[in-house]
1. Need the list of lysines near LYS27 for cross-linking: C-alpha distance under 25 angstrom, and skip anything on the same chain fewer than eight residues off.
2. Applying a 10 Å radius around every beta-carbon, put 17-30, 105-118 in order of their mean neighbour count, most first.
3. Within straight cross-link reach of LYS2, meaning Cα distance under 20 Å, which lysines are found once same-chain residues fewer than 8 apart are removed?
4. Grab the DSSP H runs of the chain that are 4 residues or longer, score each as -39,500 (n - 2.57), total them, divide by all residues and round the 222 nm result to the nearest 500 deg cm²/dmol.
5. What is the extension gain from ASN4 to THR19, computed as 0.36 nm multiplied by their sequence separation minus the C-alpha to C-alpha distance, in nm to one decimal?
6. What's the FRET efficiency of LEU102 with VAL45 using the Cβ-Cβ distance as r and R₀ = 25 Å, to the nearest 0.05?
7. In a Gaussian network model over the chain where Cα atoms closer than 10 Å are linked, find which of LEU76, LEU101, LEU54 has the largest mean-square fluctuation.
8. For every other residue with a beta carbon closer than 14 angstrom to the beta carbon of ASN4, add +1 if it is Lys or Arg and -1 if Asp or Glu, then tell me the sum.
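No lab work stands behind these numbers, since they all come straight from the coordinates. This structure is a prediction, so every number in the text was calculated from the model and none was measured. Heads up, the Cβs are rebuilt from the backbone with ideal geometry, glycines too, and the neighbour counts pull from every protein chain shown.
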Amino acid sequence: MKPNALLTLTSLLSIVLMTLHVTDDIKRGLSPAAADNVFGVVIFVVWLLGTLVLAERRSGYVIMLLGGLFALVVPLAHMRGAGLGVRIVKSDGAFFFVWTLLATGVTGLFSVILAGRGLWSLKRASPAD
């Protein structure tokens with residue numbers, strides 16, 4: 001499979017996992033179910049545009065790189081909370097919560113690597129000034 005197709009697939013998978021995770025956060029009361037979530041929708045739309053519309057362009061690679069970093073940071077942020085991890089692991093639906101954290105981290109890191117590689121290939125392909 002081509003690296004750009006892999007990046008698109010991985011980025012889309014990260015978006016799906018992140019939306020599932022945010023939904024689970026709201027359901028558990030970790031994030032408020034408020035109008036502030038519209039900001040999250042905007043972030044996901046920009047990430048989706050970078051993935052599908054701006055693919056193979058510098059701006060698309062940058063958006064997917066930032067989205068991948070965002071997805072990579074989510075598991076770190078949740079696991080750092082004092083006692084939060086223990087409370088979640090003992091709650092209903094803990095398997096899904098932890099699985100989405102791990103899968104989001106994996107797809108996020110993979111997206112970062114592939115987007116970085118794409119940016120590097122663009123830099124090498126551009127003529128030197």
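1. Correct list for LYS27: LYS90.
2. Values: 17-30: 16.1, 105-118: 20.7.
The packing order, highest mean first, is 105-118, 17-30.
3. Reachable lysines: LYS123.
4. Working: 5 runs with 103 residues, N = 129.
Taking each H run of at least 4 residues, the total per residue is -27500 deg cm²/dmol.
5. Working: separation 15, 0.36 × 15 = 5.40 nm, distance 2.26 nm.
Computed gain between ASN4 and THR19 is 3.1 nm.
6. On the way: r = 25 Å, r/R0 = 1.02.
E between LEU102 and VAL45, to the nearest 0.05, is 0.50.
7. LEU76
8. On the way: positive: LYS2, ARG57, ARG58, ARG117; negative: GLU56.
Value of the local net charge: +3.
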